[in-house]
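Beneath this line is the structure, given in structure tokens, with notes to follow.
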Amino acid sequence: MPDFMRYCQTCRLEVDRRFFRRHTLSVVHRKAKLIRAMLERNCITHAEIARRIGLTRERVRQRALQMGFADGRSRHAICRMERRRKEMAEFFVEAQRRGFAVEPLGAKSAYINGKFCVQRKACWHDVPKRHRKYTYLSICPPTGRFDFCAWKLPDGRFLILPRELTGFRQTTFNPEESERPGTASSSHYYREYIERWSLLGRPSRSK
């Protein structure tokens, strides 16, 4: 940079030394400080910033680009992703904690290591057996496409099943070892899939 120029860290502009002090007192500089503060603290659109500080959206966009921030479309995508991460269901939060690569799609769906996964809830279901009534967990598969479905059990654990094992409308099973493994002859093997995270592949990073 030439000796007669100075660089404004806030505005990301080169200004003539003779006019640098005048620049720092200008409206453009003061607005740039405010724009930077709002872009750094909040996930906020250029239009909202423009409305709050009394500039046009195009002026805000230009200042934001000069400061090195993403353009409006990219900011929308970043904000949308951040909102999805905050609203992620418990299964995806736990998968992320375990080191899996999670790409949220909605409140109950996400890609985990490239596999499309959904979360559903299991509930207790009373099943009469002769003169007694036993309580089992009841699960229903989701509609639509998916690679894996996870049901959150009442004790906080997750039953993780691949799509090929979800060919039922509704089924019940006992999650604990018992003389009464479930209401169907094959329901008891679901216990093997509780907390079976290895089905999703290897974590992309260590915990």
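The values are calculated or read from the model by the stated rules, or taken from the named source; none is laboratory data. All values derive from a computational prediction rather than experimental measurement. Positions of Cβ are generated from backbone atoms using ideal geometry, with glycine treated the same way; all protein chains shown enter the neighbour counts. What goes into the accessible areas is simple: the full protein's heavy atoms, side chains included, and nothing from ligands, DNA or RNA. Shrake-Rupley method; radii C 1.70, N 1.55, O 1.52, S 1.80 Å.
Here are the numbers for this structure:
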{"quantity": "Helix-only mean residue ellipticity at 222 nm for the chain, each DSSP H run of n ≥ 4 adding -39500 (n - 2.57), per residue, nearest 500", "calculated": "-9500 deg cm²/dmol"}
{"quantity": "Mean Cβ neighbour count within 10 Å, used as a protection proxy, ranking 143-152, 9-18 highest first", "calculated": "143-152, 9-18"}
{"quantity": "Inter-label distance, nm, simple model (7 Å from Cα along the C-beta direction), Cys79/Arg22", "calculated": "3.7 nm"}
{"quantity": "Set of aspartates and glutamates near Lys86 by C-alpha distance (under 16 Å), chain-local residues within fewer than 8 positions excluded", "calculated": "Glu94, Glu103"}
{"quantity": "Spatial separation of Cα centroids for the stretch 74-121 and the stretch 39-61, in angstrom", "calculated": "28 Å"}
{"quantity": "Computed Rg/Rh of the chain, alpha carbon atoms with Kirkwood Rh", "calculated": "1.28"}
{"quantity": "For the chain, size of Cβ-based charge dipole, Lys and Arg +1, Asp and Glu -1, in debye", "calculated": "1100 debye"}
{"quantity": "Peptides ranked, highest mean first, by Cβ atoms within 10 Å: ranges 61-70, 167-176", "calculated": "61-70, 167-176"}
{"quantity": "Accessible-area value, Ser198, 1.4 Å probe, nucleic acids and ligands omitted, Å²", "calculated": "90 Å²"}
{"quantity": "Shape of the stretch 83-123, Cα gyration tensor, a/c cut at 1.5", "calculated": "rounded"}
{"quantity": "Accessible area, probe 1.4 Å, largest first, for residues Leu159, Leu25, Leu105", "calculated": "Leu25, Leu105, Leu159"}
{"quantity": "Distribution of pairwise C-alpha distances over the stretch 35-84, 10 Å bins, in %", "calculated": "27, 61, 12, 0"}
